[in-house]
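A short write-up of the structure that comes next.
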Amino acid sequence: MEKSMKRLVIAGGGFAGFWSAMSAARHAMALGVRDRLKITLINRDEYLGLRPRFYEACLAGTRVPLRHWLVPLGIDLVMGEIASITPASRRIQFANGSNVVPDIIYDQLILATGSRQTYPDFVERDRVFSVDTFAEATTLDQHLRALAARGFPTPASRTFVVVGGSFTGLEIVTALPSRLEHLAPSAPRCTFHLMERAAEIGPGYAPDARQYITRRLQHLGITVHTGQGGLRHEKDQLILADHQRLPTETVIIATGFAASPLAAAFGGPRDRGLGRLAVDAFLRLPGHPEVLAAGDISLAITDPDHHAVMSCQHAMPQGRTAGYNAVNLLFNKDPLPYAQPRYRTCLDLGPGDALVTAGWERHIMTTGPEAKAIKTEEILNQTISPPTDIAGTLAMASPAATS
Ligand SMILES: Cc1cc2nc3c(=O)[nH]c(=O)nc-3n(C[C@H](O)[C@H](O)[C@H](O)COP(=O)(O)OP(=O)(O)OC[C@H]3O[C@@H](n4cnc5c(N)ncnc54)[C@H](O)[C@@H]3O)c2cc1C
């Protein structure tokens, strides 16, 4: 590598990392400095995982090969598990495994290693399921297929429990009845239970939205158990707060996320509970101007009153801003501030139904088939899936592009 080459390294190839890479390549071309910039993206595997689709019945197409975009744009893909980052020497070290990767040095780093599912103390990891990663979603899918193939012979085999009554748990549980019916149309009736620690399900939603969700759960025959702070899990049994025993072979955990443990490599303020790294208006880490953070690992300010939430909606625009800013910082230009005042959510509620909310209060904007079309046709099939053509992707990679 020529000495004058600048090294931009992007850690993580999820939504934030992918759009950082696209934005950096686009902006470097626009500035005429692409031949003086080496861009490297590091990811565990060769895929951009479309996490919001991992609760779906069909997992085909829920991850896309990064090389499709990286190779034509001359971006290097390094596959490996980052074990640690040493900020003082700007060095990234990898875990030992079958794939030995030498250390990588950066001039500018975009930290975008995302988040991962957290598990409550009462569960043993290898006896519960989740949809956090493609591998975990695949394991759940295989389990459901195996139960269907056995014909759901016992009460435990036909009882399905989702723990966590927020966004992800609601999407999983409302998809399950039709998913199982599709797998085994003539099998005995299954039962579905949703466990929530709080007094109400959908704790982050406004009252109108919570009422809508509650009615939908009733309509689908899903039993809601609130106030379940003290669950216990014994072999094929979930023991509820009131000591009721629920025989079940399927406990799916959806109790929330925490920022990637690589956040701990950098000092500085982090938010309680989620462990995200506070960043300035330009997504830089305080005390580390050579590091930007984007996506679920970043505690970014969206407007004067709010921080970003862990969502694609925020990870993608943050990536676009981080990529742009990384190039500007490397070539002595001013970075752009990140701002994203508009906020909406779109919750899948099973066949033919969804709930779209607008604003930070999360009041209902629309429901039913109209909301379902926004979820499936707009968000899952378009917004979060990068266009297959490179020019179209680059056109969307500007920080000015909407989420
Ligand atoms: C089931 C589910 C449903 C969701 N639904 C929605 C939704 O409807 N709308 C919405 O906006 N958001 C939704 N989200 C949240 C959304 O998926 C995340 O906010 C988003 O993925 C964050 O993007 P990211 O790039 O920051 O992190 P990630 O998508 O987590 O990507 C991080 C990447 O870094 C890699 N990585 C991590 N650590 C290392 C390491 N040590 N070494 C190498 N590589 C590493 C990972 O493999 C991954 O590829 C959902 C999430 C889940 C799990």
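Would you mind telling me which residue in ASP121, ASP141, ASP296 has the biggest mean-square fluctuation in a Gaussian network model of the chain, where springs connect alpha carbons within a distance under 10 angstrom?
ASP121
What angle, in degrees between 0 and 90 and rounded to the nearest 10, separates the Cα long axis of helix 15-31 from the longest principal axis of the Cα atoms of the chain?
20 degrees
Using a Förster distance of 35 Å, how high is the FRET efficiency between THR191 and HIS363, based on the Cβ-Cβ distance and rounded to 0.05?
The computed FRET efficiency comes out at 0.65.
Please report MET22, MET396 as a ranked list, fewest other C-beta atoms within 10 angstrom at the top and most at the bottom.
By the 10 Å Cβ count, ascending, the order reads MET396, MET22.
Under the √(5λ) rule applied to the eigenvalues of the Cα gyration tensor, what semi-axes describe the equivalent ellipsoid of segment 72-122? Give them in Å, descending.
With the √(5λ) rule applied to segment 72-122, the semi-axes are 24, 15, 14 Å.
Going by amide H atoms built from the backbone, whose H comes under 5 Å of the H on ILE10, apart from near neighbours?
THR40, LEU41, ILE42, ILE110
With r defined as the distance between the Cβ atoms of VAL33 and ARG116 and R0 fixed at 35 Å, what FRET efficiency is calculated, to the nearest 0.05?
Numbers: r = 35 Å, r/R0 = 1.00.
The formula returns an efficiency of 0.50 here.
Relative contact order (percent) for segment 279-326, with alpha-carbon contacts under 8 angstrom and 6 or more residues of separation?
For segment 279-326, the relative contact order is 35 percent.
Tell me the trypsin sites (Lys or Arg not before Pro) within segment 201-258 that lie in a loop according to DSSP and have at most 14 other beta-carbon atoms within 10 Å. Intermediate values should be presented prior to the final figure.
Working: sites: ARG210, ARG215, ARG216, ARG232, LYS235, ARG245; in loops: LYS235.
For trypsin sites (Lys or Arg not before Pro) across segment 201-258 that sit outside H, G, I, E and B with at most 14 neighbouring Cβ atoms in 10 Å, the list reads LYS235.
With r as the distance between the Cβ atoms of ALA281 and ASP107 and R0 = 25 Å, compute the FRET efficiency 1/(1 + (r/R0)^6) and round to 0.05.
0.70
Considering only DSSP beta bridges where both residues belong to segment 125-253, give the percentage that are antiparallel (nearest 5).
In segment 125-253, DSSP labels about 30 percent of beta bridges as antiparallel.
Determine how many Å³ per residue the convex hull of the Cα atoms of segment 125-253 encloses.
Output value, Cα hull per residue: 105 Å³.
In whole angstrom, how far apart do the alpha carbon centroids of segment 322-396 and segment 63-108 sit?
26 Å
Could I have the simple spin-label model distance between ALA264 and ALA206, label points 7 Å from Cα toward Cβ, reported in nm to one decimal?
Placing both labels 7 Å along Cα→Cβ, they lie 4.0 nm apart.
What full-extension length gain, to one decimal in nm, is calculated for MET5 and ASP126 as 0.36 nm per residue of separation minus the Cα-Cα distance?
My answer for the length gained is 38.9 nm.
For the chain, what is the convex hull (Cα atoms) projected area averaged across all directions, in square nanometres?
If you wrap the Cα atoms of the chain in a convex hull and average its projections, you get 20.1 nm².
From the phi of every residue in segment 53-65, what ³J(HN,Hα) in whole Hz does the Karplus formula 6.51 cos²θ - 1.76 cosθ + 1.60 yield, where θ is phi - 60° and glycine or proline is x?
9, 6, 8, 6, 5, 10, 8, 4, x, 8, 9, 10, x
Spelling out what I want: for every residue of segment 174-191, take phi, set θ = phi - 60°, compute 6.51 cos²θ - 1.76 cosθ + 1.60 (Karplus), and round to whole Hz; glycine and proline get x.
6, 7, 5, x, 6, 4, 6, 4, 5, 6, 8, x, 9, 6, x, 4, 9, 10
All of the numbers you see were taken from the coordinates with simple rules; none came from a lab. No experiment lies behind these values; they were computed from the predicted model shown. Cβ coordinates were reconstructed from backbone atoms using ideal geometry, including for glycine residues, and neighbour counts include every protein chain displayed.
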